[in-house]
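Beneath this line is the structure, given in structure tokens, with notes to follow.
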Amino acid sequence: MADDKIILTGDRPTGKLHIGHYVGSLRNRVRIQNEGGFKNMYVFIADAQALTDNFDNPEKVRQNIIEVALDYLSVGLDPNKVTLFIQSQIPELTELTFYYSNLVTVARLQRNPTVKSEIALRGFGSEGDEQAFGSGIPVGFFTYPISQAADITAFKATDVPVGEDQKPMLEQAVEIVRSFNRIYGETLVEPKAVLPSNSACMRLPGTDGKAKMSKSLGNCIYLSETADEMHKKVMSMYTDPLHVNVSDPGHIEGNTVFTYLDAFCKPDDFGLYWPDFSSLDELKAAYEKGGIGDVKVKKFLEKILNAELEPIRQRRKEYEKDIPSVYEILKKGSERAEEAAAQTLSEVKKAMRIDYFNDRALIEEQARRYGD
Ligand code: TRP
């Protein structure tokens, strides 16, 4: 990786992180962190963004900051290598958002596929629907792509590791950068999305086989849950409804257990846990032929998951013993992050010609004009 890269990404603190977050992004972040060779890496808790659709439930956001921070630290993000911070503690981000909002049309925001689908998902205004925006779409929610562009550009991020659903956000950020640079002169850096390479990782389904892991569907496996809790979930996972008897041919397509194996299984896992096979392709072929029971495949998956999650659970336990120090990490990180964002904001204000008090030429010219 080139040394001038700046990596940045974040998550909304609306719940504990699950294994979908892990394979979709967290695992990648830890790999990037450990490979090194970047200029800076930032990982942040997007509480201000979470408030755009949870403004009536600040306590939920507040309580989940520590959950996300513990999840970050427990997967192995290292505060000595990565700046961990809280979005709302960087006031420069809201200031940038305000200036960028001049560069975005209402129609463009309405076309943003992520915003569109989130609005469709929640509805807006149907009475009695707890999820719905009671009295219409809040402006803050509607414009959060602009705030996300501020998050990214404030740190001059070049690489943004995110899930596929965030691609439209990055596209919109790039448009804002181009338009800013065209109007005010070369100031901001164009970011690019870094997506997981494997499609199972890109969109890990819930344990019920539904499209996405979501807390409200109760189909998540959380990073912080115990091996016992996970055992129950793995054993009740959705597989292949046509695979009734062990001897029946099984189907891989849409079989959640195999999707999870695609996301988690490494070549060594066969030698360790199921030496009858030497690769996932071999296991899949045998399953399709018939004769492999679902419970066996689930037990194999469970072993693989436990091997990956156990060190994460252990590390979490350690950090849970000292919550004040976790907040201290976030505070230190937020201070560092603010310095970087303040630097960009001052460049932005200079480019926009609103840095009056630093603009000696402006003051002198006007003094001359009025002095004569
Ligand atoms: N929208 C992201 C999510 O829902 C969180 C986020 C906010 C983010 N700002 C960002 C991600 C900037 C990457 C870069 O998870």
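The values are calculated or read from the model by the stated rules, or taken from the named source; none is laboratory data. What you see is a predicted model; the values in this text were computed from it and never measured. Don't worry about glycine lacking a Cβ; one is built from the backbone with ideal geometry, like all the others, and counts go over all protein chains shown. SASA here: full protein model, heavy atoms, side chains in, ligands and nucleic acids out. Shrake-Rupley method; radii C 1.70, N 1.55, O 1.52, S 1.80 Å.
7 Å from Cα along Cα→Cβ at both Glu335 and Ala361: what's the point-to-point distance in nm?
3.7 nm
Any idea what the dipole of the chain comes to, in debye rounded to 20, about its Cα centre with Lys/Arg Cβ at +1 and Asp/Glu Cβ at -1?
About 240 debye.
Using a 7 Å offset from the Cα along the Cα-to-Cβ direction at both Val246 and Arg368, what is the distance between the two label points in nm, to one decimal?
Computed distance between label sites Val246 and Arg368 equals 9.3 nm.
Rounded to the nearest 0.05, what FRET efficiency is calculated for Ser117 and Arg315 with R0 set to 35 Å and r the Cβ-Cβ distance?
Efficiency at R0 = 35 Å is approximately 0.50.
What's the carbon and sulfur percent of the chain's accessible surface, probe 1.4 angstrom, rounded to a whole number?
Here carbon and sulfur together make up 53 percent of the probe-accessible area.
Tilt of helix 280-289 relative to the longest C-alpha principal axis of the chain, in degrees (0 to 90, nearest 10)?
That works out to roughly 50 degrees.
Determine which lysines satisfy two conditions relative to Lys331: a Cα distance under 19 Å, and not lying fewer than 8 residues away in the same chain.
Answer for Lys331, where 19 Å is the Cα cut-off: Lys81, Lys321, listed by chain and number.
Can you tell me the FRET efficiency between Ile354 and Tyr327 if r is taken as the Cβ-Cβ distance and R0 is 25 Å, rounded to the nearest 0.05?
Efficiency at R0 = 25 Å is approximately 0.10.
Any idea what the dipole of segment 176-233 comes to, in debye rounded to 20, about its Cα centre with Lys/Arg Cβ at +1 and Asp/Glu Cβ at -1?
For this selection, approximately 260 debye.
Using per-residue counts of other Cβ atoms within 10 Å, averaged over each peptide, order 156-168, 238-250, 30-42 from highest down.
156-168, 30-42, 238-250
For the pair Arg178 and Val295, what calculated FRET efficiency results from E = 1/(1 + (r/R0)^6), where r is the Cβ-Cβ distance and R0 = 56 Å, to the nearest 0.05?
Using R0 = 56 Å, I get an efficiency of 0.55.
Just going by the charge dipole of the chain, with Lys and Arg at +1 and Asp and Glu at -1 on Cβ, which of Pro249, Leu261, Phe141 is farthest out on the positive end?
Phe141
What nm distance separates the two modelled labels at Glu288 and His231, each placed 7 Å from Cα along Cα→Cβ?
3.4 nm
Run through segment 174-282 and list the GluC sites (Glu not before Pro) located in a DSSP loop whose Cβ has at most 14 other Cβ atoms within 10 Å.
Those that pass, being in a loop and sparsely packed, are Glu186, Glu253.
Please enumerate, by chain and number, the lysines with C-alpha under 18 Å from the C-alpha of Lys232, excluding those fewer than 8 residues away in the same chain.
Excluding near neighbours in sequence, the set is Lys210, Lys215, Lys296, Lys298, Lys299, Lys303.
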